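Enquirer: Here's a structure for you.
Every number in this text was worked out from the coordinates using simple rules, so none of it is lab data. Fair warning: this is a prediction, and the values are worked out from it, not measured in the lab. Here the Cβ is made from the backbone with ideal geometry for all residues, glycine too, and neighbour counts use every protein chain on show.
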Amino acid sequence: MIYITGDTHIPVDIQKLSTKRFPQQKEMTKNDYVIICGDFGGVWDGSNEEKYWIKWLKNKNFTTLFIDGNHENFDMLYQLPTEEFCGGAVHKVDDGIYHLIRGEVYTIDGKRIFVFGGASSHDKEHRKEGRNWWKEEMPTEEEYKKAEKKIEENHCIFDYVITHSSPTSIQKAIAPTYECNKLTDFLENIKKNVVCKKWFFGHYHKDQEVLPSFTAVFERVILL
């Protein structure tokens, strides 16, 4: 089984994965997955509180996967060991907890999934670089090119696309006050060229079907 949910901002919004709010996990195993659509927040400062929540997830019946959002400590995230997982590269946080890297394609339970994290923080002017904001929240040219190559290699066909931000046209519909940028425009181009069953994204703190194939997730935990 594969479930998908929105931002967890550990510890702020992680309780959506508690047994009480997500009872389906009682029937799951480590061969089942929960994918978080960015702003994981569990690789942030190495505090005892953070270690508690990583252990909490590690002891769950499922394997936790997450893409990066804009609220991540990218200095720490990019120092994690890299492994191969389901056909793509990942950063390993701990046993059963993995960061899905931008532009990678994973085949999970027979489903081909393209992921691309990142977003622009609309409150970055109130944040300090290296403490609670990192310029790596936005993709590099190399990451854009890598993503384009992976999409081409897969003939623009996926079962699912998972991002943190959304394509420009979708963002205008769901969050018109958010500024469009190079990333949303890049995702808009992917939207025009890629075929997929469903596209899930986080970032906007909403649970909303924007179009039949585009779904914003936050509190919901959805079975794919």
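Enquirer: Quickly work out the Leu223-to-Lys124 label distance, labels modelled 7 Å from Cα along the C-beta direction, and quote it in nm with one decimal.
Expert: It is 4.0 nm.
Enquirer: Hey, another quick one. How much of the DSSP beta bridge set in the range 2-223 is antiparallel, as a percent to the nearest 5?
Expert: 45
Enquirer: Chymotrypsin sites (Phe, Trp or Tyr not before Pro), restricted to the range 170-224: which are DSSP loop and have at most 12 other Cβ atoms within 10 Å?
Expert: none
Enquirer: Going by how many other beta carbons lie within 10 Å of each one, how would you line up Leu80, Leu187, Leu211, fewest first? Don't skip to the end; give the middle numbers.
Expert: Values: Leu80 15, Leu187 26, Leu211 11.
Listed from fewest to most nearby Cβ atoms, that is Leu211, Leu80, Leu187.
Enquirer: Something else about it: Hey, what do the phi angles of the range 179-185 turn into as Karplus ³J(HN,Hα) couplings, whole Hz, using 6.51/-1.76/1.60 and θ = phi - 60°, x for Gly and Pro?
Expert: Each residue of the range 179-185 in turn: 7, 6, 7, 4, 5, 5, 5 Hz.
Enquirer: Over 18 Å between C-alpha atoms is what I'm after, so list which of Lys111/Lys197; Lys30/Lys60; Lys111/Lys145; Lys26/Lys197; Lys16/Lys60; Lys146/Lys182 land there. Intermediate results must be reported in sequence, preceding the final value.
Expert: On the way: Lys111/Lys197 10 Å; Lys30/Lys60 8 Å; Lys111/Lys145 23 Å; Lys26/Lys197 27 Å; Lys16/Lys60 13 Å; Lys146/Lys182 16 Å.
Exceeds cut-off: Lys111/Lys145; Lys26/Lys197.
Enquirer: For all pairs of alpha-carbon atoms in the chain, what percent lies in each bin of width 5 Å, listed from the first bin to the last filled one?
Expert: With a bin width of 5 Å, the distribution comes to 1, 7, 16, 21, 22, 17, 11, 5, 0.
Enquirer: When the chain is treated as a GNM, springs tying every alpha-carbon pair under 10 Å, which of Gly130, Gly103, Gly88 comes out with the largest mean-square fluctuation?
Expert: With Cα springs under 10 Å in the chain, the top fluctuation among Gly130, Gly103, Gly88 is at Gly130.
Enquirer: Using alpha carbons only, how many angstrom separate the centre of the range 182-224 from the centre of the range 43-57?
Expert: 28
Enquirer: Go ahead and estimate [θ] at 222 nm for the chain from helices alone: -39,500 (n - 2.57) per DSSP H run with n ≥ 4, summed, over the residue count, rounded to 500.
Expert: -6000 deg cm²/dmol
Enquirer: Where does the charge balance sit around Lys198 when Lys and Arg score +1, Asp and Glu -1, over other residues with C-beta under 15 Å from its C-beta?
Expert: Net charge around Lys198: +1.
Enquirer: Then there is this: Rounded to the nearest Å, what's the spacing between the alpha carbon centres of the range 27-41 and the range 75-121? Just the number, please.
Expert: 12
Enquirer: Moving on to the next point. Starting from the Cα of Lys58, step 7 Å along the direction of its Cβ; do the same at Glu83; then give the gap between the two resulting points in nm.
Expert: Inter-label distance under the simple model: 1.2 nm.
Enquirer: Rg and Dmax of the range 1-134 over Cα atoms: what are they, in angstrom?
Expert: 14.4, 44
Enquirer: Could you identify which residue out of His122, His164, His205 has the top mean-square fluctuation in a GNM of the chain using Cα springs shorter than 10 Å?
Expert: Highest fluctuation of the listed residues: His122.
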